[in-house]
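Below: the structure, in structure tokens.
Taken together, the values in this text are just the output of simple stated rules run on the coordinates, not laboratory data. Quantities reported herein were computed from a predicted structural model and do not represent experimental measurements. Cβ sites come from the backbone with ideal geometry, for glycine too, and all protein chains shown count toward neighbours.
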């Protein structure tokens, strides 16, 4: 008899589980080697606690009442639960704090190749280390993680979450049109972006500037190209990114890093540096992260923080595709 | 020890860029634009039944327009061309929309039978209109944003049939010249959105094959005067 399971979930059988376990062990070894002790938190939390971290848990598909009538939700990532854990369990501890995790999270995505509703994330959180040193440490761990997974061709995109927010403030764009513009940017709908920018009353040449800015990605030289475009917001963002890149180069871990001014993460809590991870063998993003210097304050602890998370199943798919492509080389 | 500088290692992507080309009404316009930017389309223009036409820098992959977002989102094609109607209908597909190519211009409209009041009457007396369409999500979004309730009926074939024999009060469909509507005694009641061909890219390819995609985008922009 066939008994169904909910869409976007799946069983894992021994052969796959064996490969996943090897990957788990390799990643945890990297995390612990860098001083990031593994933690676990409950899969279910109070909805209001998760909402404190990311006001958009409304899109969490899995919310329900317990026997007392309290509203619970399945976590959609580990960053918010760890912020909660830090505030409740490490309130007086001497920063920086380093945690890693390998845990399942739940999102209401449309199930498809490489994207499930229940998925595993592997990542680290570095609490209490400001930019740029904290960011550099996180990128360094991420590089080591990708090396351990054998993804030699993987690339890390490095952008700045505040660039367009500050640029729009500089241009005097507020309220609804601001959200519409950021929405188009996050989706990378350049045609719609141009329409929204014009609708917000921005002069034609500045519209072109914004669109051009969102397309700048590559090596260090894009920072100079961005500076040529000018403006205080661009100056500040390129200075922040430049500082991080210089520190990464100094530590010899900049090789995988691609500067990307068009990067925008769709989670609400990011500020400053943001990261995304790609591998040419698969069309989906492998993971991401960045700084969330304001998040801990929402839980009553005023500490800067940064981290990353990789989608473990996608890393596994990438490993298989890469070995197929290289014939195992 | 060699010093690692940002962006130098980079990914070395495999082979030529794969471009998803829409068959059907957008095909001729697409091949013309590709000719204009120096892509060899001779093989794709032949009577060949092949689906894939390899090239040195760009490989053309032909498919139904509505499949283009699927292939591009998954990264099976790096870039693609399809209609805005397809992108709007599949707005949950994560593809980067890079350029309005300007051709293939048509309108998404609400149409009803000439002189027939059943749209208004159903709305008044039943509180909702019955709308046949191949674009249920575009239709639902349009009526929701204008504060009206509808029952959308998804059909696959000749949509004009639905109001003629009483399946629906009206249709939401794509209209180029309006001839099909006229021949079936239908008329445009509301214009929903204007649609043209769009150039789209896979999210990862856009990052990892930036130079190739930017180069192609620039040439396409020039060729279409966008």
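As a test, work out the antiparallel percent of DSSP beta bridges whose residues both lie in the stretch B:106-194, rounded to the nearest 5.
If I count the DSSP bridges inside the stretch B:106-194, around 60 percent turn out antiparallel.
Express the relative contact order of chain B as a whole percentage, based on alpha carbon pairs under 8 Å and six or more residues apart in sequence.
It comes to 28 percent, rounded to a whole number.
Restricting attention to the alpha-carbon atoms of the stretch A:236-329, what are Rg (one decimal) and Dmax (integer), both in Å?
According to the Cα coordinates of the stretch A:236-329, Rg and Dmax are 15.9, 52 Å.
What is the Cα radius of gyration of chain B over 2.2 N^0.38 Å, N being its residue count?
Computed over Cα atoms of chain B, the ratio equals 1.21.
Given a cut-off of under 8 Å on Cα pairs at least six residues apart, what relative contact order in percent is computed for the stretch B:106-194?
49 percent
How large is the translational diffusion coefficient of the stretch A:179-253 in µm² per second when you combine the Kirkwood radius over alpha carbon pairs with Stokes-Einstein at 25 °C and 0.890 mPa s?
The estimated diffusion coefficient comes to 181 µm²/s.
Across peptide B:66-76, what mean number of C-beta atoms from other chains lies inside 10 Å of a residue's C-beta?
Partner-chain Cβ atoms within 10 Å, mean over residues of B:66-76: 2.
Exposure proxy check: B:35, A:47, B:85 ranked by fewest other beta carbons within 10 Å?
B:35, A:47, B:85
Working from Cα positions, state the angle (0 to 90°, nearest 10) between the long axis of helix A:79-89 and the longest principal axis of chain A.
70 degrees
Choose one answer from A:38, A:205, A:294: the residue with the largest mean-square fluctuation in a GNM of chain A with alpha-carbon springs under 10 Å.
Maximum fluctuation in the GNM of chain A, among the listed residues, is at A:205.
Quick one: grab Rg to one decimal and Dmax as a whole number for chain A, Cα atoms only, in Å.
20.3, 66
Please report Rg over Rh for the stretch B:106-194, where both radii come from the alpha carbon positions and Rh follows the Kirkwood definition.
Answer for the stretch B:106-194: 0.92.
Relative contact order of chain A, please, whole-number percent, based on alpha carbon pairs below 8 angstrom and at least 6 residues apart.
Taking the mean separation of contacting Cα pairs over the length of chain A, I get 21 percent.
Calculate the radius of gyration of the Cα atoms of the protein assembly as shown to one decimal place, then report Dmax, the largest Cα-Cα distance, as a whole number, both in Å.
Looking at the protein assembly as shown, its Cα Rg and Dmax stand at 25.3, 81 Å.
Per 0.36 nm of contour for each residue apart, how much would the distance between residue A:211 and residue A:46 grow if the chain were fully extended, relative to their Cα-Cα spacing?
55.4 nm
What list do you get for A:293, A:11 if you sort them by fewest beta carbons within 10 Å?
A:11, A:293
When the convex hull of the Cα atoms of the stretch A:1-126 is projected onto a plane and the area is averaged over all directions, what value comes out in nm²?
Here the figure is 10.3 nm², rounded to one decimal.
Calculate, for residue B:114 and residue B:137, the FRET efficiency according to 1/(1 + (r/R0)^6) with r their C-beta to C-beta distance and R0 30 Å; round to the nearest 0.05.
FRET efficiency, residue B:114 to residue B:137: 0.65.
Please work out the FRET efficiency for the pair residue A:94 and residue B:185, using the Cβ-Cβ distance as r and a Förster radius of 56 Å; give the result to the nearest 0.05.
Between residue A:94 and residue B:185 the formula returns 0.10.
Using packing as a proxy for protection, rank A:78-91, B:182-195 so that the peptide with the highest average count of other Cβ atoms within 10 Å comes first.
Put in order of decreasing packing, that is A:78-91, B:182-195.
Over the alpha-carbon set of the stretch A:6-66, work out the extent along each principal axis and list the three values in angstrom, largest first.
Projected onto the principal axes, the Cα atoms of the stretch A:6-66 cover 36, 33, 20 Å.
Where does helix A:190-199 land angle-wise versus the long Cα axis of chain A, in degrees 0 to 90, nearest 10?
50 degrees
Using only helices, what value at 222 nm comes out for chain A when you add -39,500 (n - 2.57) per DSSP H run of length 4 or more and divide by the total residues, to the nearest 500 deg cm²/dmol?
After summing the helix terms and dividing by the residues of chain A, the value is -13000 deg cm²/dmol.
Taking R0 as 25 Å, what FRET efficiency do you get between residue A:16 and residue B:92 from their Cβ-Cβ distance, rounded to the nearest 0.05?
According to the calculation, E is roughly 0.35.
Please arrange A:76, B:118 by counting, for each residue, the other beta carbons lying within 10 Å of its beta carbon, fewest first.
The order, fewest Cβ neighbours first, is B:118, A:76.
What value, in deg cm²/dmol to 500, does the helix sum -39500 (n - 2.57) over DSSP H runs of n ≥ 4 give at 222 nm once divided by the residues of chain B?
Only helices count here, giving -9000 deg cm²/dmol.
Springs between alpha-carbon pairs under 10 angstrom, Gaussian network model over chain A: which of A:48, A:16, A:67 fluctuates most?
Most flexible of the set in this elastic network: A:67.
Just to be sure I follow: if Rg is taken over the C-alpha atoms of the stretch A:217-258 and Rh is the Kirkwood radius over the same atoms, what is Rg/Rh?
1.00
Relative to the longest principal Cα axis of chain B, at what angle does helix B:27-36 sit, 0 to 90 degrees, rounded to 10?
Here the helix axis deviates by roughly 30 degrees.
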